[in-house]
Amino acid sequence: TPAARTGREGEEAAYWHLRERGFIMVERNYRPEGLRGEIDLIGWDGDTLVFIEVKTRQASAPRAPEAAVDRDKESHLIAAAREYRRRAHQSSALFRFDVVSVEVASAGNKIEHFRDAFR
């Protein structure tokens, strides 16, 4: 679908944007067994493990992409991150949640990175 294609394009743009800023990416589209939801990207920013939600919209969309991250989405991400940290033996690592907003336009993508978006 066009929406899925836009989402994939946004995730790809966010991935390279973060890599260019020194993130070491370790996981894409992580889905914990038995839990709802998925973590789009997981990477290290220095010694901090970062769980990244990517939201993508066409530039013409009425709402900003990051507005789509609501309490429900946050709770699914927190549960998935807890499971990832347990499985990857990273329970003691510093961690945070970031949101990357991608607005797709023919003139080029506009990317905004919200660090420590929620706890």
Beta bridge orientation in the chain: antiparallel %, DSSP, nearest 5:
60 percent
Need the C-alpha centroid separation for the stretch 1-73 versus the stretch 94-110, integer Å.
8 Å
Quick check on the stretch 1-47: take the gyration tensor over C-alpha atoms, sort the square-rooted eigenvalues as a ≥ b ≥ c, and tell me if it's rounded (a/c under 1.5), prolate or oblate.
oblate
With Cα coordinates, the longest principal axis of the chain makes an angle with the long axis of helix 71-87, in degrees rounded to 10, of 40 degrees
As I understand it, the value is the acute angle between the Cα axis of helix 2-20 and the longest principal axis of the Cα atoms of the chain; what does it come to in degrees, rounded to 10?
60 degrees
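Give me the percent relative contact order of the stretch 23-119, please, defined on Cα pairs under 8 angstrom at least 6 residues apart. Don't skip to the end; give the middle numbers.
Numbers: 174 pairs, mean separation 26.3, N = 97.
Relative contact order for the stretch 23-119 comes out at 27 percent.
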Taking loop as defined by DSSP and a crowding limit of 13 other beta carbons within 10 Å, which GluC sites (Glu not before Pro) in the stretch 1-97 fit?
GLU33
With a 10 Å cut-off between alpha carbons and a GNM built on the chain, which of ALA14, ALA67, ALA107 moves the most?
ALA107
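Quick note: the coordinates plus some simple rules give every number you see, no bench work behind them. Keep in mind the model is a prediction, meaning the values are calculated, not measured. With ideal geometry, Cβ positions are generated from the backbone for all residues, glycine too; neighbour counts draw on all protein chains shown.
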